Amino acid sequence: MTLVLGLESSCDETAVALVRADRTIVARHVASQDADHRPYGGVVPEIAARAHVEVLSPMVARTLEEAGVGLAEIDAIAATAGPGLIGGVMIGLVTAKALALAASKPLIAVNHLEGHALSPRLVAPDLAFPYLLLLVSGGHCQLLAVEGVGRYRRLATTIDDAAGEAFDKVAKILGLGFPGGPAVERAAAAGNPRAVKLPRPLVGSGEPHFSFAGLKTAVLRASQADAAPVPDLAASFQQAVVDCLADRTRLALEAMPEATALVVAGGVAANGAIRGALQTLADTHGLPFVAPPQWLCTDNAAMIAWAGAERLALGLTDGLDAPARARWPLDPDAAPARGAGVKA
Ligand code: KG4
Ligand code: ZN
């Protein structure tokens, strides 16, 4: 049975996993750098890269040892080759190249977004193409028609901030700490989602995209002006994000009648209110709703190893000259969204 080693280092998690083509997760490890970045209220690329260097190679050794397998027994080595913070991406990719060269194994340069996009198939064997994927993380907010391995059609993206970025910035404004998403969700649990009036950018517009920058600014203004309690601000902000995500996803579902399921992935998919709204939306459309377990939604290497296994099965391997890419859109043919700060 095909066995793939996966490496992930594109942001602030160092991760290694061994996954079989029959979906067995043989071993997996994640080291979070939250404590390193907390004093700065966000991810510092230089600190992230240094931490990956220290942690990655010992983690590979530990993962193999734990699984009781040698490099010779692995069929391919997959690593995130982008998009992400370039220092971290280079460390993971070069480590994978060295292992591939030393063990004479094929290298698979995985797009991190493809890792997220295919991750639900690791835990939901019946999930068939095409499905609609809402990918919501700290760096991305996209709706993708996942039509097959390597076949992605971007239906919507953010014209400014990603959803997770908005959660992190609002947490900073409200003094809730880092990482912001879980902190905002915890604070929101004790608040009234209708207490503070906030905008729902682009909701109701025919344009398919997302926008969160104005919402974040509105929270800043409200926090300065009204002295509203933090839980009410957090709950009202979270509700506004939920409404934006649900409205845009509904629009995409209507544009993709062939979808077999509604799927959510990325770190923000850990949010209970967001999951609840998407479940309701899927029910309304008579579709199954697939949300991978939380550990598989946030950055991890099992999704990279799995994307590697899916690619390997199709003979899609890469040369040792595969580039590390800070930007790497999943759908290079997507029409550019309006706005200055367009994300990949
Ligand atoms: O996918 P991920 O681990 O890393 C990226 O590739 O960005 O996502 C991290 C993002 C952060 O912005 C974090 O604040 C957000 O996911 N997040 C959440 C929650 N848990 C993590 N956002 C809202 N609610 C949560 N419970
Ligand atoms: Zn991610």
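The values are calculated or read from the model by the stated rules, or taken from the named source; none is laboratory data. Keep in mind that this is a model prediction, so the values were computed, not measured. A quick note on method: Cβ atoms are made from the backbone with ideal geometry, for glycine too, and the neighbour counts reach across all protein chains shown. All accessible areas refer to the heavy atoms of the entire protein, side chains included, with ligands and DNA or RNA removed. Shrake-Rupley method; radii C 1.70, N 1.55, O 1.52, S 1.80 Å.
Restricting attention to the range 25-78, the residues that are closer than 19 Å to residue 298 by Cα and of a type in the set (S, T, N, Q) total 2. The residues of the range 293-312 that are assigned to a helix (DSSP H, G or I) and within 16 Å of ligand 1 (Cβ to nearest atom), listed by number, are 294, 295, 296, 297, 302, 303, 304, 306, 307.
Of all residues being within 15 Å of residue 238 (Cβ to Cβ) and of a type in the set (Val, Ile, Thr) in the range 156-186, which is most open to solvent (accessible area, probe 1.4 Å)? Just the residue, please. So the residue we want is 173. Residue selection: residue 143 fails the criterion of being within 11 Å of ligand 1 (Cβ to nearest atom), at negative phi, modelled with pLDDT of 95 or more and buried (at least 22 other Cβ atoms within 10 Å of the Cβ). Being open to solvent by 50 Å² or more (accessible area, probe 1.4 Å), under 18 Å from residue 78 (Cβ atoms) and within 17 Å of the chain's Cα centre (by Cα) is a property that holds for residue 325. If you go through the range 196-248 and keep only what is touching a residue at least 40 places away in the same chain (Cβ under 8 Å), small (Gly, Ala, Ser), outside any helix (DSSP H, G or I) and open to solvent by less than 50 Å² (accessible area, probe 1.4 Å), you end up with just 211.
In summary, residue 191 fulfils each of the numbered conditions (1) modelled with pLDDT of 95 or more; (2) in contact with a Phe, Trp or Tyr (Cβ under 7 Å, 6 or more places away or on another chain) with the single exception of condition (2). Within the range 273-303, being of a type in the set (Gly, Ala, Ser) and either within 16 Å of ligand 2 (Cβ to nearest atom) or modelled with pLDDT under 95 (or both) holds for 291, 301, 302.
As for the range 268-286, it holds at least one residue that is of a type outside the set (Ser, Thr, Tyr), open to solvent by 30 Å² or more (accessible area, probe 1.4 Å), in a loop (DSSP other than H, G, I, E, B) and more than 23 Å from residue 113 (Cα to Cα).
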